[in-house]
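Here is the structure we will look at.
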Amino acid sequence: MSDVYVLGVGMTRFGKHPDRDATDLGAEAALEAIRDAGIEPRQIEGAYCGHVFQGMAMGQRVLAHIGLAGIPLTNVENVCSSGAVSIREAALSIRAGEHDVVLALGVEHLTSRFQGALTPDPDDVEATVGLTMPGIYAMRATRYFEDYGVTRRQLALIPVKNKANAARNPMAQFQEAVTVEQVLGARPIAEPLGKLDCSPVTDGGAAAILCSAAAARRLNGRGVRLAASSLRTGTVDPEPVSMTFEPLTNAAARDAYERAGVGPGDVSLAEVHDCFSIAEALRVEGCELFPRGGYLHAVERGEASLGGRLPVNPSGGLLGKGHPLGATGVAQVVEIVRQLRGEAGDRQIEGAKVGLAHCRGGKAAGVEGAACTVQILVR
Amino acid sequence: MTTAGEPAPAAGVAALLTGSRCPACGAAFFPPRQVCSRCLGKLEEAPLSARGTVYTHTVVHQSAPAFETPYTLVYVDLPEGVRVLGQLAGEARIGMEVELEPDEQLGFRFRPVGEGS
Ligand SMILES: [Zn+2]
């Protein structure tokens with residue numbers, strides 16, 4: 001089985017793009033990744049496209065736009081992990097020896113499909129009594145405060161950190177820092193969470209070119225190794241479990257560490273799925289990057305900021321960069337590749353060697369979460 | 001987690017909620033499932049208790065168009081060992097005791113029981 005490398009990456013500016021569509025955004029990202037990889041488009045042998053709400057043949061529409069129609073393509077829907085799973089599927093096709101060079105794409109034009117709070121599928125029993133995605137995380141935050149004795153004010157430091165990082169990222173939806181007072185004073189969405197604790201509705205595309213070890217050497221010699229790409233689905237627990245620790249995240253992370261041959265202490269930066277402020281705490285603790293219940297204290301000490309011990313969401317994360325569902329998992333890999341290559345500009349983490357990307361999403365009644373990926377990239 | 005102490009609804013009184021119970025290992029599930037996630041045994045229908053304890057809560061201010069906001073959501077742990085989501089009529093607190101009541105729009109909701117602890 002071949003090692004897998006990321007040869008090139010590209011993404012659109014994340015934000016509201018009322019005069020563009022998902023095809024157009026996907027094409028821009030794909031063409032940039034091809035250019036970044038320094039390959040000829042016809043060297044791409046297969047493609048995967050992650051999206052959630054874009055309808056039939058999303059990936060085919062992008063390929064048709066960029067002259068690549070004809071190659072094998074699979075569309076991937078795995079809620080907010082869709083883009084991350086397109087990377088995983090691309091990697092598996094390379095490991096299996098089927099392809100040498102593969103395009104992994106994620107796109108979403110969410111502003112034309114959705115407004116307000118995202119909800120589980122309307123058939124789900126919890127949706128029928130009024131569950132929203134912010135509502136789930138709000139209830140986790142309520143319980144997290146109770147279990148660990150931390151405060152709403154400490155939680156507000158997460159959006160403050162991530163929006164400050166986004167202000168250094170020209171591709172991010174938000175370009176301005178916010179204060180703790182602004183986070184606390186924002187319109188309530190699901191208590192204790194307010195508008196600035198929630199990721200926005202975003203349009204965007206992101207793409208990566210993956211290849212085998214042999215192709216990486218032959219093509220541009222500066223690939224970043226994708227050392228693990230792990231996927232788990234949420235379990236149905238035979239009894240109620242804590243909502244302030246994520247066994248799903250933990251299972252995916254442990255699998256990824258084992259496959260990559262690294263531990264949490266080796267990680268130089270993490271891009272984690274901060275769909276809501278509290279989610280970042282649950283994710284990094286689930287990945288064992290910070291002690292359980294200890295993350296908000298670590299954020300307070302600056303450990304997770306740029307320049308800290310372990311910067312979390314240097315790109316701005318979902319809270320700052322934006323969250324175009326299907327594109328999110330690919331965009332995390334875009335950020336890590338740029339950090340590991342030393343090309344992250346104003347937000348460069350010196351000497352970054354190992355990056356972790358965590359993505360998860362979705363909800364069904366009685367299941368902790370629908371899908372979770374943890375990917376580890378090594379320079 | 002409490003697993004005993006709360007009587008199931010008396011015979012002849014229909015339970016508001018039905019879950020599943022595993023005859024082999026005793027695990028309970030809500031919503032109902034077909035197969036036990038612990039032992040893979042075939043599950044049976046089981047009525048759920050009407051009273052439980054609030055595990056966590058929120059007040060939702062932004063929701064799908066079908067729901068008038070704000071409303072309170074609670075996750076309630078029932079003595080059978082299942083956690084059920086519902087709306088609560090009133091203000092929520094972790095650990096408070098609540099009970100099910102029928103609701104025209106939602107099918108069921110919770111209401112506070114006395115003063116609780
Ligand atoms: Zn069983």
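For residue A:36, the requirement of being over 26 Å from residue A:95 (Cα atoms) and either out of contact with any helix residue (DSSP H, G or I) (no Cβ under 7 Å at 6 or more places or on another chain) or outside the structural domain of residue A:206 (by TED's automatic domain parsing) (or both) is not met. Here residue A:139 meets each of (1) within 13 Å of chain B (Cβ to nearest Cβ); (2) part of a helix (DSSP H, G or I); (3) aliphatic (A, V, I, L, M); (4) open to solvent by 10 Å² or more (accessible area, probe 1.4 Å) with one exception, condition (4). The one condition from (1) under 30 Å from residue B:76 (Cβ atoms); (2) within 14 Å of chain B (Cβ to nearest Cβ) that residue A:151 does not meet is (2). Selection over region A:79-92 of residues that are open to solvent by 10 Å² or more (accessible area, probe 1.4 Å) and modelled with pLDDT of 95 or more gives a count of 3. Summed over region A:57-88, the residues that are within 16 Å of the chain's Cα centre (by Cα) and within 20 Å of residue A:43 (Cα to Cα) give a count of 3. Taking (1) of a type in the set (S, T, N, Q); (2) open to solvent by less than 10 Å² (accessible area, probe 1.4 Å); (3) in contact with a Phe, Trp or Tyr (Cβ under 9 Å, 6 or more places away or on another chain) in turn, residue A:199 satisfies each apart from (2).
Please go through region A:113-127 and give me each residue that is among the polar types (S, T, N, Q) and at the interface with chain B (Cβ under 7 Å from one of its Cβ atoms), ordered by number. Within region A:113-127, just A:119 meets the criteria. Checked against (1) buried (at least 24 other Cβ atoms within 10 Å of the Cβ); (2) over 30 Å from residue A:19 (Cβ atoms), residue A:106 passes all but a single condition, namely (2).
Quick check on residue B:95: is it facing chain A (nearest Cβ under 8 Å), more than 16 Å from the ligand (Cβ to nearest atom) and under 15 Å from the mean Cα position of the chain (by Cα)? The answer is no for residue B:95. Taking region B:20-68 as the range and being away from the ligand (no atom under 16 Å from the Cβ), open to solvent by 30 Å² or more (accessible area, probe 1.4 Å) and part of a strand (DSSP E or B) as the test, the residues that pass are B:47, B:51, B:53, B:57, B:59. The C-beta contact set for region B:23-49 (first residue more than 9 Å from every other protein chain (Cβ to nearest Cβ), second residue part of a loop (DSSP other than H, G, I, E, B) and more than 14 Å from the ligand (Cβ to nearest atom), distance under 6 angstrom, 6+ apart or interchain) comprises B:47/B:8; B:47/B:9; B:47/B:15; B:48/B:15; B:48/B:17; B:49/B:6; B:49/B:79.
Listed by first and then second residue, the pairs linking a residue in region A:179-204 that is within 14 Å of chain B (Cβ to nearest Cβ) and of a type in the set (D, E, K, R) to a residue that is part of a loop (DSSP other than H, G, I, E, B) and open to solvent by 30 Å² or more (accessible area, probe 1.4 Å), with Cβ atoms under 9 Å apart and 6 or more places separating them unless they lie on different chains, are A:187/B:61; A:187/B:62; A:191/B:61; A:191/B:70; A:195/A:187; A:195/B:62.
The values are calculated or read from the model by the stated rules, or taken from the named source; none is laboratory data. This structure is a prediction, so every number in the text was calculated from the model and none was measured. For neighbour counting, all protein chains shown are included, and Cβ atoms are generated from backbone atoms with ideal geometry for every residue, glycine included. Quick note on the areas: whole protein, heavy atoms, side chains included, nothing else; ligands and nucleic acids left out. Shrake-Rupley method; radii C 1.70, N 1.55, O 1.52, S 1.80 Å.
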